[in-house]
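Scroll down for the structure; my scribbles are underneath it.
Every number here is computed from the coordinates shown, using simple stated rules; none is lab data. Quantities reported herein were computed from a predicted structural model and do not represent experimental measurements.
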Amino acid sequence: ILNQLIPAKDQLKPAKDQLKPASHFDHKKFFDVVGLKALSAENVKLVFQALDVDASGFIEEEELKFVLKGFSADGRDLTDKETKAFLAAADKDGDGKIGIDEFEALVHE
Ligand SMILES: [Ca+2]
């Protein structure tokens with residue numbers, strides 16, 4: 001599903017830099033380089049559903065940790081620190097997980 005939504009492979013080149021172990025993960029830059037920012041709210045919701053692996057309706061910390069793998073098979077895991085920072089940026093209501101509206105808001109913020 002992500003491959004259908006996210007455009008041409010060569011556009012992912014800059015994204016790969018974000019996926020490198022040494023790089024500092026910045027979710028805003030990441031959403032931009034993988035083309036998420038350019039997607040409609042509707043398509044962002046489809047991406048959310050793809051990332052919500054257990055279909056709980058929320059992206060939990062464990063799912064967030066592996067978010068880069070959803071975009072690239074050789075994507076690295078986020079560190080605990082990066083995962084928590086990402087979660088904190090998205091989790092407006094403080095319930096410790098990312099809801100679909102929070103995700104959409106974060107992407108288009
Ligand atoms: Ca979930």
Residue separation between Thr79 and Ser40 times 0.36 nm, minus their alpha-carbon distance, gives in nm 11.1 nm
How large is ³J(HN,Hα), in whole Hz, for each residue of segment 33-44 in order, when computed from phi with the Karplus curve 6.51 cos²θ - 1.76 cosθ + 1.60 and θ = phi - 60°, using x for Gly and Pro?
-> 5, 7, x, 5, 4, 7, 6, 5, 3, 4, 6, 4
Segment 26-107, relative contact order [Cα under 8 Å, separation at least 6], % = 29
